[in-house]
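Provided herewith is a single structure, encoded as structure tokens, for subsequent inquiry.
The values are calculated or read from the model by the stated rules, or taken from the named source; none is laboratory data. All values derive from a computational prediction rather than experimental measurement. FYI the Cβ positions are ideal-geometry reconstructions off the backbone, even for glycines, and counts take in every protein chain you see. Just the protein is used for accessible areas: all its heavy atoms, side chains included, with ligands, DNA and RNA removed. Shrake-Rupley method; radii C 1.70, N 1.55, O 1.52, S 1.80 Å.
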Amino acid sequence: RDVNALRGNQIEIKESEIGNQYEILTKLIFEEMNLNVAEELRSKINTSRDKIDIILKVSESDLIIVECKTKKDRKFSTYSSASRQVKAYKNLVEKAGFNAVKTFIVAPTFSEDFINECGLDYELNLSLITSEALLEMYRAFKKSDLKEFPYKILLRDVLIDSDRVVKSILK
């Protein structure tokens, strides 16, 4: 959210647009990893009150919910509000007849408290992905011979360890 740094790199953007652009770029990365970004399904499931950022369709009945977060202080640290939001999204998905097999929160970074609270919440099946980790995984996928990103390697950890994922992809 450092608008001055972005402008210093000849990127003209209003601060109010940064969150939306972050979501668009995250979606693009998942698409480039050949994951099924279900935009039409997302539009059908979303309500005027609850709007899921990204839905990855991994089978006919299984979905991964992706929530993108940016904060001015750079560390995303408000677990209680994020968990309430993600629970509402999970309920939307289930009400539409799908199974939310996983939820990812993608953010520039996370506070230690956020990571610890997330690790204690077994109901949501939530994992955290930093922007840097997502980019590392994307770059490794592009170097690999894989046709589709093996999303199942992301289903274990609370905070996704990009080194482990990259090693798995490039082995």
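Run through region 42-137 and list the chymotrypsin sites (Phe, Trp or Tyr not before Pro) located in a DSSP loop whose Cβ has at most 15 other Cβ atoms within 10 Å.
For chymotrypsin sites (Phe, Trp or Tyr not before Pro) across region 42-137 that sit outside H, G, I, E and B with at most 15 neighbouring Cβ atoms in 10 Å, the list reads Tyr122.
With the crude spin-label approximation of a point 7 Å out along Cα→Cβ, what separation in nm comes out for Glu12 versus Asp113?
Taking the two extended label points, one gets 4.0 nm.
What relative contact order, as a whole-number percentage, does the chain give when Cα pairs under 8 Å and 6 or more residues apart are counted?
19
With a cut-off of at most 11 other beta carbons within 10 Å, and DSSP calling the residue loop, which GluC sites (Glu not before Pro) in region 11-76 qualify? Please list them.
Glu12, Glu60
Give me the extension gain from Lys71 to Leu155: residue separation times 0.36 nm, minus the current Cα-Cα distance, reported in nm with one decimal. Mind showing how you got there, number by number?
Working: separation 84, 0.36 × 84 = 30.24 nm, distance 2.50 nm.
Difference between extended and current length: 27.7 nm.
Could you give the size of the charge dipole of the chain about its Cα centre, using +1 on the Cβ of each K and R and -1 on the Cβ of each D and E, expressed in debye and rounded to the nearest 20?
Details: 28 positive and 28 negative charges, 20 e Å.
Charge dipole, the chain, about its Cα centre: 100 debye, nearest 20.
Quick one: of Lys44/Lys71; Lys27/Lys95; Lys27/Lys143; Lys27/Lys152, which pairs are farther than 22 Å apart, Cα to Cα?
Details: Lys44/Lys71 28 Å; Lys27/Lys95 24 Å; Lys27/Lys143 20 Å; Lys27/Lys152 18 Å.
Table pairs above 22 Å Cα-Cα are Lys44/Lys71; Lys27/Lys95.
As a test question: what accessible area, to the nearest 10 Å², does Ser43 have when a 1.4 Å probe is rolled over all protein chains in place?
80
Could you tell me what percent of the accessible area of the chain is made up of carbon and sulfur, with a 1.4 Å probe and every protein chain present? Mind showing how you got there, number by number?
Values: 4540 of 9690 Å².
Heavy-atom surface of the chain belonging to carbon and sulfur, 1.4 Å probe: 47 percent.
Can you give the Rg/Rh ratio of the chain, where Rg is from the C-alpha atoms and Rh is the Kirkwood radius? Working shown, then result.
Values: Rg = 15.9 Å, Rh = 16.7 Å.
Answer for the chain: 0.95.
Next question. For a paramagnetic label modelled at 7 Å from the Cα of Asn99 toward its Cβ, which residues of region 27-58 fall within the zone defined by backbone nitrogen distances under 17 Å?
Output list for this probe position: 56-58.
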